[in-house]
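Input: a single structure, listed below in structure tokens.
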Amino acid sequence: MTAPLPASPVVAQVTAIEASLLAFVVLTALATALARDVLAAVIVFGAYSLGMAALYTFYRAPDVALTEAAISAGVTTVLLLLTLAKTTRIDHETAFESVNLPAAGAAGFLFAGLLLTMSDIPAIGSPDAPVWSNPDVTQWYLAESYAQTHVENTVMAVLAAFRGFDTFGEAVVVFAGGIAALIVLHREVFA
Amino acid sequence: MSDVVDDTDMTDTASDTAEDSEVNASLDAESDLPPHRAVSRSGRLDSEERQGTPYTESQVIMPTVKIVAPIAFTFGLFITFHGSGSPGGGFQGGAIMAAVVFMIAFAFGIESTRDWLANTVVVALAVGGALVFAGIGLVPVALGGAFLQYDLLPIPILDPVKYGMEGVEILGIAPIVAGVLMGLFFLLARGFNSVGGGLGDGSLDEDESIDESGPLEEDAADAGGDR
């Protein structure tokens, strides 16, 4: 049933752009966690999301990148800024929090544990990666989605057709989120 | 029609005084006058000396947004409508279109944007999207099929599978996401009123009471709690 695989995106090694993006993401993540001023943390968090969106684009997940850019970098940042505008801003002498050593130790321990599993993770874009090469899910969707749904974008075919009921649940969750915000804030109108 | 459904929906979930709230909701929507809002906003925010007013009438931001907003909105429409052939879809497109509204609100003031974009529009988007999605799912069930079984949709001429999915993405998910995000934005911009406390009271009264007596003590108490 499995057709011969189309040329899969093999990335032999990390390019300079990827490396700088990865460094940017790690640095902004650290700055978000350590920034003492909440406003600075929110803005750096937006930059982090933008870096992640660019990274997703490089790893050929444009749908995820669009969502990350629109929701995380854009909407979430705006909503957090709006919330901050309602609070008082405290002047800090230092730019960064002092590191909590037990917490840093626990995080480092977890990081080392995750690092141990690195050797078993297939290379990025490897044609042998189970997520790509398995014939029953990924390859089946790639082969069948156009024939069954008449839609070129496989991601949308999976979301709206094959997993349509899940997507309906997600849409209802978004809707319920709006209603929940109304209830929590004691409002009956949005605008 | 979606208006009626929306009001009953909200009274079921959000309010104990079901018989009053529909009247109150419509009163609220009509009594949101720009002068009143402006007074309430500045009264609240001028009391905090560290925090500048969130709205500055900037000669840089306003023309920029005037140029960028149509392009970004068109991009959102493209992402939504072309989701079947290229990356994107209703969720991303709806978020981009809501972000355009955020942008306009930052350039021209949240309160004037709130007045320009009535509550009815926001609610109709969210509720209408949910109803369309559920409707497209339930029509095949009524015809004896499964939920969201697109090939049973009674769409003449066009391909029912493809256009059923387009309908879900364009008329279902995108309006829900856009409406709810805009609603969250306006809700957070107005904030939480601890003075009125209860449900069912018109927000006009609550805002006025805050205006006259509330903000100084309340903000001072909040700030004290924070430190």
For the stretch A:129-169 the number of residues that are within 11 Å of chain B (Cβ to nearest Cβ) and either surrounded by fewer than 16 Cβ atoms within 10 Å (Cβ to Cβ) or not in a helix (DSSP H, G or I) (or both) is 11
Cβ-Cβ under 7 Å pairs, at least 6 apart or on other chains, the stretch B:147-173 side of a type in the set (Val, Ile, Thr), far side part of a helix (DSSP H, G or I) and surrounded by fewer than 20 Cβ atoms within 10 Å (Cβ to Cβ): B:Ile155/B:Tyr163; B:Val161/B:Asp151; B:Ile170/B:Phe81
So, of the residues in the stretch A:63-86 that are modelled with pLDDT under 90 and facing chain B (nearest Cβ under 7 Å), which turns out to be surrounded by the most Cβ atoms within 10 Å (Cβ to Cβ)? A:Leu82
Specify which of the listed residues (A:Thr67, A:Thr117) is among the β-branched types (Val, Ile, Thr), closer than 30 Å to B:Gln92 by Cβ and without any contact (Cβ under 8 Å) to a residue 12 or more places away in the chain. A:Thr67
Taking the stretch B:139-151 and keeping residues assigned to a helix (DSSP H, G or I) and within 21 Å of A:His150 (Cα to Cα) leaves B:Val139, B:Pro140, B:Tyr150, B:Asp151
Among the residues of the stretch A:169-177, is there at least one that is hydrophobic (A, V, I, L, M, F, W, C), more than 18 Å from B:Leu148 (Cβ to Cβ) and either out of contact with any Phe, Trp or Tyr (no Cβ under 9 Å at 6 or more places or on another chain) or at pLDDT 90 or above (or both)? yes
Quick test of your reading of the structure: B:Ile155 fulfils all but one of (1) on the phi > 0 side of the Ramachandran plot; (2) more than 9 Å from every other protein chain (Cβ to nearest Cβ). Name the failing condition by number. (1)
Some residue of the stretch A:20-39 being within 30 Å of B:Ser84 (Cβ to Cβ) and either in contact with a Lys or Arg (Cβ under 7 Å, 6 or more places away or on another chain) or not hydroxyl-bearing (Ser, Thr, Tyr) (or both): yes
Of the residues B:Asp9, B:Asp28, only one is closer than 30 Å to A:Met156 by Cβ, modelled with pLDDT under 50 and at the interface with chain A (Cβ under 10 Å from one of its Cβ atoms); which? B:Asp9
Of the residues B:Phe102, B:Phe78, B:Phe73, which is aromatic (Phe, Trp, Tyr), buried (at least 16 other Cβ atoms within 10 Å of the Cβ) and out of contact with any Phe, Trp or Tyr (no Cβ under 7 Å at 6 or more places or on another chain)? B:Phe73
I need the full set of residues from the stretch B:83-112 which are without any contact (Cβ under 8 Å) to a residue 24 or more places away in the chain and in a helix (DSSP H, G or I), in order please. B:Gln92
Elements of type helices (runs of 4 or more DSSP H) contained in the stretch A:56-127, each with 3 or more residues being within 28 Å of B:Phe192 (Cα to Cα): A:77-85
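The values are calculated or read from the model by the stated rules, or taken from the named source; none is laboratory data. Just so we're clear, the structure is a prediction, and the values are computed from it rather than from any experiment. Please note: Cβ atoms are built from the backbone with ideal geometry, for glycine as well, and neighbour counts cover all protein chains shown.
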